[in-house]
Amino acid sequence: MEILIFIGAALVLLLAFILIRALFFRPYPMKEIPPFAVEVDRDRAVQNLTRMIRCKTVSYLDTSLEAEGEFEKFRALLRECYPLVHQYCQFQRIGRTGLLYHWPGKSSEKPTVYMAHYD
């Protein structure tokens, strides 16, 4: 019985600690960046998206059902539609269909991760 009281007290202390830390947590202030205009070729963006969603990049547990050619077609379209990404980013294939782009920044102090999927 004493062990149950000890475990209960430890859980109460842990929850109190977490609650107090959460109450006093203050995120670091973000440096405000003034808005700036970005030119977007909307017709080209729509055309690129239209071409890419036509690729039947569907993943299955049974990989024999996947159309490997569609994944290859999609990867070729990425390279064709976004050549500057491939020029400035380091590219690495992960597994059969995974893609990793490393975009080196000016500083490695606060890295950022952008993630997406294409199946």
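Any idea how many residues of the range 60-73 are in contact (Cβ under 8 Å) with a residue 12 or more places away in the chain and either loosely packed, with under 10 Cβ neighbours inside 10 Å or of a type in the set (Val, Ile, Thr) (or both)?
Matching residues across the range 60-73 total 1.
Take the conditions among the hydrophobic types (A, V, I, L, M, F, W, C) and farther than 18 Å from TYR118 by Cβ and apply them to LEU99. Does it pass?
No, not satisfied.
Can you list residue pairs whose Cβ atoms sit under 6 Å apart, with the first residue in the range 74-88 being on the phi < 0 side of the Ramachandran plot and surrounded by 15 or more Cβ atoms within 10 Å (Cβ to Cβ) and the second being among the aliphatic types (A, V, I, L, M) and part of a helix (DSSP H, G or I)? Count only pairs 6 or more apart in sequence or on different chains.
Pairs found: LEU77/MET52.
Does the range 89-104 contain at least one residue that is touching a Pro at 6+ places or on another chain (Cβ under 9 Å) and surrounded by 10 or more Cβ atoms within 10 Å (Cβ to Cβ)? Write out each step before concluding.
Of the range 89-104, the ones touching a Pro at 6+ places or on another chain (Cβ under 9 Å) are 89-90.
After this cut, where a residue has to be surrounded by 10 or more Cβ atoms within 10 Å (Cβ to Cβ) as well, the list is 89-90.
Yes, the range 89-104 has at least one match.
Any idea which residue in the range 1-49 is farthest from ARG75 (Cα to Cα), counting only those that are surrounded by 10 or more Cβ atoms within 10 Å (Cβ to Cβ) and not aliphatic (A, V, I, L, M)?
PHE6
Can you say whether ARG44 is more than 21 Å from the chain's Cα centre (by Cα), modelled with pLDDT of 95 or more and under 21 Å from LEU99 (Cα atoms), as far as the supplied structure shows?
no
Could you grab me the full set of residues in the range 89-119 that are under 21 Å from ASN48 (Cβ atoms), in contact (Cβ under 8 Å) with a residue 24 or more places away in the chain and not acidic (Asp, Glu)?
THR97, LEU99, TYR118
The values are calculated or read from the model by the stated rules, or taken from the named source; none is laboratory data. The model shown is predicted, which means the values in this text are computed figures rather than measured ones. No Cβ is skipped: glycine too gets one built from the backbone with ideal geometry, and neighbour counts run over all protein chains shown.
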